[in-house]
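Report on the structure given below.
The values are calculated or read from the model by the stated rules, or taken from the named source; none is laboratory data. Every value quoted in this text rests on a predicted model; they were computed, and no experiment measured them. Every residue, glycine among them, receives a Cβ derived from its backbone with ideal geometry; neighbour counts consider all protein chains shown.
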Amino acid sequence: MIFFLFGPDTFRSRQKLKEIKAKFIKEVDKSALNIETLGGQDLEPVAFKQAVFAVPFLAKKRLVIVENLLGSPRGQKKQKEILEILETNLPQETIIVFWEGGLTRPKTKKSRPAAGKSPGLFNFLKKEKLAQEFNLLNQNEVFRWAASEVKKRGGKINPDALKLLTDLVGDDLWQLNSEVDKLLAQARGKAVGLIEVSELVKTKLEEDIYKLTDALGQKNKSLATKLIGDQLKSGTNPVELLAKITWQFKNLLLVKEFSQKNGLGYAADRLSYQLGLHPFVVKKTLAQIKFFQPNQLKQLYRRLLEIDYKLKISQTDPEVLFDLLVIKS
């Protein structure tokens, strides 16, 4: 039995991995002595084979977890050898889980696999019956997910507060999960409202995205470069940072085009209704559109999509890609 958990939504794939482990401990081995986790970056085929073919200790099955085997740009030969092991008659007593953080499925046959990915091993694993791809949730799905999490934890949150929360955090379920915990703890049994979200969910990343947008609009390239560099140095995932920047430029484009067609006389709450954005986000965006022309926004948005593509298929340093964005803005 082989599980393959992959995709950009590492929160949900990690939750699935936890569920598999919890079920194994509950139903197979309460001692957890038959669970073995292997780091894929440095995994030797011999060690993998030993783990897979080892006899269960005082239990009927073993659970072998391999993490991030395909994401490394090195070790293609080792991945090929591991594929050969998987193609043999594996012991029925062994359950294998391959967990890949951030790995994505090529969209077409001509698409290049992600850096370090062995096409043979990836193709083998993705065809497994228990392969599961975790794509990022869209805006409506994030809203429903957050509402479900609040309910699971016995909390309450007003719909407008939930909308603001998901607008601010986006599809980063790691952060959203933490924010839900924080808000419910602060609410102490009461319903979370707009004030609590506005006061507690002001992350440095969010603030820097608005500052970065201002800097790009005002051609302050040194500040824009510094803001991006600070985020990367602090450990912000390049894909997450890019998603936040892209999200705000999409908002700018929506607000700019709407304002040009309908004038600037709309109040933020009415504009938010028309565009499906929260008034808080609209107010921030309205203050920035004066720095950009529609064609400039479209051009920047296209560049952001190009960077997203390059981040996923090439080994180019993310900081270099962001620097090019600033230089060409």
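Some points to look at:
- Qualifying positions in the range 139-165 - touching a residue at least 12 places away in the same chain (Cβ under 8 Å) and more than 21 Å from ALA191 (Cα to Cα): GLN139
- LEU286 being free of Cβ contacts under 8 Å to residues at least 40 places away in the same chain, in contact with a helix residue (DSSP H, G or I) (Cβ under 8 Å, 6 or more places away or on another chain) and within 22 Å of SER198 (Cβ to Cβ): yes
- Just one of the numbered conditions (1) surrounded by 17 or more Cβ atoms within 10 Å (Cβ to Cβ); (2) part of a helix (DSSP H, G or I) is not true of ALA22: (1).
- Candidates ALA287, ALA268 - the one that is surrounded by fewer than 17 Cβ atoms within 10 Å (Cβ to Cβ) and either within 22 Å of LEU137 (Cα to Cα) or aliphatic (A, V, I, L, M) (or both): ALA287
- The residue pairs whose first member lies in the range 37-54 and is assigned by TED's automatic domain parsing to the domain that holds LEU86, whose second member is acidic (Asp, Glu) and not in a helix (DSSP H, G or I), and whose beta carbons are closer than 9 Å, counting only pairs six or more residues apart or on different chains, are THR37/GLU67; LEU38/GLU67; GLY39/GLU67; GLY40/GLU67; GLY40/GLU100; GLN41/GLU67; ALA51/GLU36; ALA54/GLU36.
- Among the residues of the range 241-265, those that are under 17 Å from GLN299 (Cα atoms) and among the hydrophobic types (A, V, I, L, M, F, W, C) comprise LEU242, ALA243, ILE245, TRP247, PHE249, LEU252, LEU253, LEU254, VAL255.
- Scan of the range 74-102 for residues that are in a loop (DSSP other than H, G, I, E, B) and either farther than 28 Å from VAL239 by Cβ or modelled with pLDDT under 70 (or both), ordered by number: ARG74, GLY75, GLU87, THR88, ASN89, LEU90, PRO91, GLN92, GLU93
- Residue in the range 252-273 that is in a helix (DSSP H, G or I), touching an Asp or Glu at 6+ places or on another chain (Cβ under 9 Å) and in contact (Cβ under 8 Å) with a residue 12 or more places away in the chain present: no
- Within the range 225-242, residues that are closer than 17 Å to GLY101 by Cα have Cβ atoms under 6 Å from residues that are among the acidic types (Asp, Glu) and surrounded by 18 or more Cβ atoms within 10 Å (Cβ to Cβ) in these pairs: GLU240/ASP172, counting only partners at least 6 apart in sequence or on another chain.
- Annotation note: Cβ proximity below 8 Å between a residue of the range 79-104 that is closer than 18 Å to ALA54 by Cβ and in the same structural domain as GLY40 (by TED's automatic domain parsing) and a residue that is of a type in the set (D, E, K, R) and in a loop (DSSP other than H, G, I, E, B) (sequence gap 6+ or interchain) occurs for GLU93/LYS60; GLU93/LYS61; THR94/LYS61; ILE95/LYS61.
- Test: residue in the range 242-255 that is farther than 18 Å from LEU325 by Cα, surrounded by fewer than 20 Cβ atoms within 10 Å (Cβ to Cβ), in contact with a Ser or Thr (Cβ under 9 Å, 6 or more places away or on another chain) and of a type in the set (A, V, I, L, M, F, W, C): yes
- Answer residue from the range 25-46, given it is more than 27 Å from LEU173 (Cβ to Cβ) and surrounded by 14 or more Cβ atoms within 10 Å (Cβ to Cβ) and is modelled with the lowest pLDDT among those: LEU43
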